[in-house]
Amino acid sequence: MQISINNTQIEVVSGETLLKAARRAGFDIPSLCYVEGAKHRPSCMICGVKDCSTGQIIPSCATMPVEGMQIDSASDEVQHIRSLSLELLLSDHRADCDAPCSLVCPQGLDIEQMLTLYDAHRHEEAHALTVASLTLGCADCKAPCEKVCRRKSVDKEVPIRQIINGLTEKYGATVSSEVKKENKKADQTQYQSRLGRFTTREKEWLKKNVTTTSGCLHCACTGKDDCRLRHYATAAGIKRPRYEASSALPVMQKQHVTGKMWFDPAKCIRCGLCVYNSNNGFTFINRGFGMQVVIPEESRENVGEELAALCPTGSLALV
């Protein structure tokens, strides 16, 4: 069987979808709800292509080719449809890719990582990060990190400068080779998601339950490096969400699933990969816009950490 993709004739292997045929032929088509070898159902429309004979936009991950089919996978029209699909998914995705404090540090310190080490009582390593990036120290800094700290809207901002100065006083201006740490400056060319404002109920929950030593909420996404949603948003030229975050799911209320795997419902795009690839594990509740993915308490023993690799966002992540 032969079909045409972007005016190029290709031979289709029996049983393969449009997406598989296109990728095998070298055409780069993105997908969030599809992973090679995993069970899936089309939902995200990020892999949408145009059937030129009908003018329809169809999901390439689930469409079987027919003889003589002419497919457009790269025109401005198709790219626009994919961008719209991305923006709709992002409107229901409450998360900070990078912590605001790290983004605004004038010297590029990954403050989120430093505070993570500090709260884990790994103070020498936390100090090593500051030495790796703060060549001018914090003495004359106006502390934009504390001004944008999300904890400030709950009760009081994290005393970041005080913590850094305390580490400097304790360990000095150098570090030993055993505790050297590489500072990973936030890449501000990538898409940056946002949490939106906390509700009154969320503020109450965060104040009561987030009791780290520093007070940090640790709002940066632990799954950001492998987040396909962020990758495709960046590739599409999307820097910030077009629409205000609309998810009704509470933020930062992660649920422990098994082993090192945690589930953050507010980052879930309901692609279903974790549902279709677990046996009596994750499941859907409700319908329509109110549909959610949940993991019942009694079902957690039925899932394994390998599911995290299927998640296209940081919703399922190994911590």
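Read-outs throughout are calculated quantities, based only on the coordinates presented, and are distinct from any laboratory measurement. Here the structure is a predicted model, which means the values were calculated and not measured. Ideal geometry is used to build each Cβ from the backbone, glycine not excepted, and the neighbour counts take in all protein chains shown.
Observations on the model:
- Its residues counted as N, the chain yields a C-alpha radius of gyration over 2.2 N^0.38 Å of 1.15.
- Exposure proxy order (Cβ contacts within 10 Å, fewest to most) of SER91, SER133: SER91, SER133
- Assuming charge only on the beta carbon of Lys and Arg (+1) and of Asp and Glu (-1), the dipole of the chain about its Cα centre is about 900 debye to the nearest 20.
- By the beta-carbon count within 10 Å of each Cβ, the least crowded to most crowded order of VAL12, VAL294, fewest first, is VAL294, VAL12.
- Between LYS39 and LEU249, the simple spin-label model (points 7 angstrom out along Cα→Cβ) gives 2.1 nm.
- What you get for the stretch 2-74, charging only the Cβ of Lys and Arg (+1) and of Asp and Glu (-1), is a dipole of about 240 debye around the Cα centre.
- FRET efficiency for the ARG122 to ASN209 pair, using the beta carbon distance and R₀ = 25 Å, is estimated at 0.65.
- Exposure proxy shown here: for LYS239, LYS224, LYS20, the number of other Cβ atoms within 10 Å sets the order, fewest to most, as LYS239, LYS20, LYS224.
- In the stretch 2-74, taking the dipole from charged Cβ atoms about the Cα centre, the farthest positive-side position among CYS33, MET69, THR17 is held by CYS33.
- Taking label positions 7 Å along the Cα-Cβ direction at both LYS156 and SER4, the computed distance is 7.0 nm, reported to one decimal.
- The stretch 248-277 and the stretch 119-179: distance between their alpha carbon centers, rounded to Å: 31
- For a modelled paramagnetic label at LYS170, 7 Å from Cα along Cα-to-Cβ, the residues of the stretch 75-119 in reach, with backbone nitrogen under 18 Å, are 111-119.
- Shown is the FRET efficiency for ARG300 and GLN56, computed with R0 = 41 Å from the Cβ-Cβ distance and rounded to the nearest 0.05: 0.50.
- 13 Å beta-carbon shell around ILE160, net charge (K/R +1, D/E -1): +2
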